[in-house]
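Reviewing the structure listed below.
Values in this text are rule-based calculations from the coordinates and carry no lab data. Because the structure is predicted, anything quoted here is derived from the model rather than measured. Quick reminder, even Gly has a Cβ in these numbers, built from the backbone with ideal geometry, and neighbours come from all protein chains shown.
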Amino acid sequence: MSTTTSASGASQPQATRALGAIVVCGCLISLIGFGVRSSYGLFNAPLSEANGWGRDVFALALAFQNILWGLGQPFAGALADRYGPARVLAGGGLLYGLGVALTAYSDAPVLLHLTAGVLVGLGLAGASFTIVIAGFGRHLPPERRSWAAGIATAAGSLGQFLFAPMGQAFIAAYGWQTALVLLGAFFLLVPFLAIPLRGGGGHAAGGGAHADLSMRQALGQAFGHRSYQLLVAGFFVCGFHLAFITVHLPPYLTDVGISPTLAAWALAVIGLANVVGSYSSGILGGRMSKRTMLCFIYFARAVAIALFILLPVTPASVLAFAAAMGLLWLSTVPPTSGLVALMFGTRHLGMLFGMVFLSHQVGAFLGVWLGGILYEAVGNYDLVWWMSVALGIFSAIVHWPIAEREAPHRLSPAAA
Amino acid sequence: MDRPAPAVPRPAGHGMALALGAGVLAVWLGAMAFVLREAALPPETDGTVLVVFPPGTPDGRAFAAVVEAGGRPLRQTDVGFAWVARSDEPGFVGRLEAAGALGAFGELPIGPQLGGCMAVNADTGGPQTYRLQP
């Protein structure tokens with residue numbers, strides 16, 4: 001049984017302090033990373049107007065940012081597995097901050113695509129909560145990991161809630177260019193916050209029967225394991241739901257006659273309930289079956305969406321739906337990352353969870369895209385809402401057969 | 001083993017989470033107070049402004065403060081303690097502050113931005129919790 005006593009033989013209070021520093025610093029990185037990104041939309045109008053661009057220029061930069069985050073996540077995870085999470089977080093944070101600050105001086109579309117798109121996208125991959133959670137997997141005892149993943153996810157959720165008003169206040173006080181530089185400056189903190197997460201690269205990561213596999217072997221082992229395949233397929237749905245609702249819920253509410261003020265409150269309720277849901281999910285993930293939790297979360301999403309579109313849309317139903325979706329929003333993250341660690345240990349957790357996250361990003365892309373093109377094709381969101389219900393049920397079903405135990409060791413390290 | 005052994009986080013874990021959340025909120029409130037102070041209009045400003053009074057200020061008191069500062073209350077905003085007021089006499093903002101206002105602003109957009117892991121809503125014409133502008 002693991003305790004909070006570190007491997008180095010530190011005393012209990014010392015080990016507890018070390019654990020506290022790891023969790024607090026990881027959470028602050030998650031908060032900054034998620035928060036600054038969520039305020040990016042505020043700069044669309046001033047940047048486009050200042051440079052005489054259409055909104056498509058900024059939109060393409062965000063598209064680059066998102067796709068590079070998704071594609072970069074397994075590589076950043078692999079680097080964290082190899083060299084330790086602290087270096088990747090520090091490097092990613094600096095890249096992210098540089099991208100945000102230089103966005104202020106991007107006066108040509110290609111420069112904007114390089115700064116807000118490439119630099120921020122790659123920086124996100126390095127300084128995201130995915131790496132933080134992988135770092136927790138290395139540094140914390142098993143019984144604390146789910147709780148820590150929950151608090152890191154909740155911190156990210158809180159970040160997006162706090163940074164948007166701050167970005168707006170920065171713009172009001174100093175103008176949009178200085179606001180971007182100030183937001184970028186927050187990332188100067190990341191290398192310092194990453195210090196408690198240093199170490200834990202390579203074989204120091206430990207991690208059970210799969211610890212001796214090379215990255216390539218670990219990847220082959222994972223994709224040859226049915227439960228991992230099911231997890232990857234299920235997390236695709238999470239991305240689809242979140243991205244579709246984030247982008248298309250406000251216009252949907254406007255279409256059905258809900259006031260912009262109430263629509264904004266609905267987003268706020270989702271954000272706040274998400275903090276509660278993420279943290280609760282982390283706690284529950286340490287007490288009950290993660291597979292069962294994920295089945296419940298996806299099925300509950302399907303039920304919530306179905307009720308929302310079947311019942312008359314009223315202010316009460318909007319807020320109830322927002323609260324339900326908020327509780328279920330990022331609550332998938334702690335049990336999903338926990339299952340990856342359970343199946344394959346922590347040695348390749350960054351890369352393997354990064355791969356699961358890539359599936360999430362593909363789902364997110366489709367959620368935004370299909371929401372747009374189907375709305376244009378049929379004039380409403382009904383089809384995509386029902387698609388979301390079906391996907392929720394699909395995801396609940398595919399999580400059910402997942403074997404919640406260590407994956408069988410199919411490859412021997414000597415076969416490398 | 002089909003499921004992990006039950007492990008109950010110790011209360012200290014929840015305490016740490018609460019302390020972290022409270023600490024972050026305290027820093028955020030301090031930073032927001034400072035930045036909003038920076039965003040406030042200078043005392044010599046006149047024209048149409050958004051006046052912010054201390055939360056809980058009675059409507060009658062806020063109305064009287066605007067009149068006392070030589071201005072005309074144009075309308076109350078969604079937030080009871082913020083009013084749109086106008087005066088063409090220089091020094092209007094300074095007089096408002098002397099009459100009890102926290103500050104006056106040209107515009108104060110406040111609203112949530114929701115982000116999934118991938119999507120960021122870049123629609124700046126989207127909903128705002130409070131659209132506070134003169």
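Grab the other residues whose beta carbon is less than 14 angstrom from that of A:Ala390, score K and R as +1, D and E as -1, and report the net.
Values: positive: A:Arg301; negative: A:Asp382.
Value of the local net charge: 0.
Please name whichever of A:Ala18, A:Leu68, A:Trp53 sits farthest to the positive end of the charge dipole of the range A:13-203, dipole taken about the Cα centre and charges placed at Cβ: Lys and Arg +1, Asp and Glu -1.
Final value for the positive-end residue is A:Ala18.
Counting partner chain Cβ atoms within 10 Å of every residue's Cβ in A:154-166, what's the average?
Numbers: counts 3, 4, 2, 2, 5, 3, 6, 5, 7, 3, 7, 11, 4.
Neighbouring Cβ atoms belonging to other protein chains average 5 per residue here.
Compute the relative contact order of chain A as a whole-number percentage, counting only Cα pairs closer than 8 Å that sit 6 or more residues apart in sequence. Present the calculation step by step, with values, prior to reporting the outcome.
Working: 761 pairs, mean separation 100.5, N = 416.
So the answer I get is 24 percent.
Give me the percent relative contact order of the range A:265-343, please, defined on Cα pairs under 8 angstrom at least 6 residues apart.
Numbers: 85 pairs, mean separation 46.3, N = 79.
Relative contact order for the range A:265-343 comes out at 59 percent.
Roughly how crowded by other chains is peptide A:269-280, in terms of the mean Cβ count from those chains within 10 Å of each of its Cβ atoms? Numbers along the way, then the final one.
Working: counts 1, 2, 4, 1, 0, 1, 1, 0, 0, 0, 3, 0.
Per residue, the number of nearby Cβ atoms from other chains is 1 on average.
Quick check on the range B:48-88: take the gyration tensor over C-alpha atoms, sort the square-rooted eigenvalues as a ≥ b ≥ c, and tell me if it's rounded (a/c under 1.5), prolate or oblate.
Working: a/c = 2.13, a/b = 1.38, b/c = 1.54.
It is oblate, given that a/c is not under 1.5 and a/b is not larger than b/c.
Net charge near B:Pro42: determine it from the other residues with C-beta under 14 Å of the C-beta of B:Pro42, scoring Lys and Arg +1 and Asp and Glu -1.
Around B:Pro42, the surrounding residues sum to -2.
In peptide B:26-37, what is the residue-averaged number of other protein chain Cβ atoms found within 10 Å of each Cβ? Please list the in-between numbers first.
Working: counts 0, 1, 9, 1, 0, 4, 5, 1, 2, 11, 4, 2.
Mean inter-chain Cβ contacts per residue within 10 Å come to 3.
Could you pull out every whole DSSP H run in chain A that spans at least 18 Å of Cα extent along its own axis and averages -0.5 or higher on the Kyte-Doolittle scale? Please report the intermediate quantities before stating the final value.
Values: long enough: A:12-38 (38 Å, 1.08); A:55-83 (40 Å, 0.53); A:85-103 (26 Å, 1.19); A:142-174 (46 Å, 0.43); A:226-255 (43 Å, 0.89); A:260-285 (36 Å, 1.30); A:290-310 (30 Å, 1.63); A:315-328 (20 Å, 1.89); A:349-378 (42 Å, 1.48); A:382-399 (26 Å, 1.50).
Going by DSSP H runs, the hits are A:12-38, A:55-83, A:85-103, A:142-174, A:226-255, A:260-285, A:290-310, A:315-328, A:349-378, A:382-399.
Rounded if a/c is under 1.5, else prolate if a/b is larger than b/c, else oblate: which is chain A, with a ≥ b ≥ c the root eigenvalues of its Cα gyration tensor? Walk me through the numbers on the way to the answer.
On the way: a/c = 1.67, a/b = 1.24, b/c = 1.35.
Oblate, because a/c is 1.5 or more while a/b does not exceed b/c.
Report, in whole Å, the centroid distance computed from the Cα atoms of the range A:349-412 and the range A:36-76.
23 Å
With unit charges on the beta carbon (Lys/Arg positive, Asp/Glu negative), name the residue among A:Met325, A:His348, A:Leu366 whose Cα is farthest towards the positive pole of the charge dipole of chain A.
A:His348
Where does each of A:98-107, A:326-335 land if you order them by average Cβ count within 10 Å, highest first? Mind showing how you got there, number by number?
On the way: A:98-107: 20.2, A:326-335: 27.7.
Highest to lowest by the protection proxy: A:326-335, A:98-107.
Quick query: amide H of B:Gly103 versus all other amide H atoms, modeled in the peptide plane; which residues come in under 5 Å with a sequence gap of 5 or more or a different chain?
For B:Gly103, the qualifying residues are B:Val52.
Over the range A:218-406, what is the relative contact order in percent, taking alpha-carbon pairs closer than 8 angstrom and at least six residues apart? Write out the running numbers ahead of the final one.
Working: 253 pairs, mean separation 82.6, N = 189.
Reported as a whole number, the value is 44 percent.
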